[in-house]
Amino acid sequence: MHQILKIASAVAGLALAFPAPLARADAHPAVPSAPAPVVVADSGDSASAASRALELNTVRAGLRPLVLELALQAHARATAAGETTSSLLTVIDYSLLSRERRFWVLDLDSGEVLARELVAHGNGTGGDAARHFSNRPGSYQSSLGTFVTGPTYQGKHGLSLRLRGLDAGLNDKAEARAIVVHGARYVNDGIVNQLGRLGRSQGCPALSEAAAPRIIELIRGGTVVFSYFPDPSLESTLAAS
């Protein structure tokens with residue numbers, strides 16, 4: 001945990017240098033799923049090297065320092081609570097438009113960005129821009145906060161990954177709501193070109209059918225997923241943690 005907190009402290013200083021980008025209606029980013037990582041020479045302190053690499057790689061991959069800092073804190077809390085022993089951390093930034101690649105998988109030990117993908121939000125959450133979030137069954141809205149991945153199963157969308165919400169009142173009904181990671185035919189660049197946005201799920205973080213199997217196998221079985229939006233309910237939960 002000391003290494004993670006050290007990384008979080010270093011990342012916090014980047015927030016002023018790299019402010020939040022403004023969402024643009026014509027933004028159609030063409031980026032690789034996993035950018036080539038920056039390799040930082042190890043000066044003998046592997047934790048410091050990983051911290052520097054993570055700072056550089058996440059900025060290059062479009063993950064804002066503020067969101068990364070909150071995600072690192074969430075990972076540290078989950079680790080302290082015995083919820084995870086994995087260095088993998090998935091971050092979803094729902095404050096970005098659905099047409100943007102706003103789903104990242106990070107390796108905190110190496111500082112690498114392992115994936116950057118499109119991800120859909122719930123049809124009750126908004127159109128291209130996410131607006132509304134809920135923990136309520138039947139809302140068809142996405143949920144925020146910290147989750148831990150569970151086992152996989154074969155469902156109507158093929159290989160799917162169960163999520164367990166760790167934040168009481170915010171996302172702890174994720175299992176009951178069947179909020180899972182899965183692939184969907186309405187998540188791809190072609191849909192963005194047709195609609196100007198992705199299609200929408202019933203609240204699940206849905207990936208493209210091409211990316212889903214690889215991502216699910218990568219993050220299954222006890223890794224942290226942190227979903228962000230500047231929502232008062234998430235802010236209250238983070239402040240109370």
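Just so you know, all these numbers are worked out from the coordinates, no wet-lab data involved. Predicted model only: the values in this text are computed from it and were never measured. All Cβ positions, glycine included, derive from the backbone under ideal geometry; neighbour counts span all protein chains shown.
Observations on the model:
- Amide H to amide H distances under 5 Å link Glu112 with Asp107, where only residues 5 or more positions off or on other chains count and H is placed in the peptide plane.
- Against the empirical curve 2.2 N^0.38 Å, the C-alpha radius of gyration of segment 83-241 lands at a ratio of 0.95.
- Charged-residue dipole, Cβ positions (Lys, Arg, Asp, Glu), segment 95-138 about Cα centre, Debye nearest 20: 340 debye
- For segment 134-202, trypsin sites (Lys or Arg not before Pro) meeting the loop criterion (DSSP other than H, G, I, E, B) and having at most 14 other Cβ atoms within 10 Å: Lys156, Arg185.
- From phi via Karplus (6.51, -1.76, 1.60), per-residue ³J(HN,Hα) for segment 210-224 in Hz, x at Gly/Pro: 6, 8, 4, x, 5, 5, 4, 5, 6, 9, 5, x, x, 10, 8
- Across segment 184-196, computed HN-Hα scalar couplings (Karplus, 6.51 cos²θ - 1.76 cosθ + 1.60, θ = phi - 60°) run 8, 6, 8, 10, 5, 5, x, 5, 4, 5, 7, 9, x Hz from first to last residue, x flagging Gly and Pro.
- Two numbers describe the Cα atoms of segment 159-241: Rg and Dmax, which are 14.4, 42 Å.
- In segment 65-128, the alpha-carbon atoms span a convex hull of 95 Å³ per residue.
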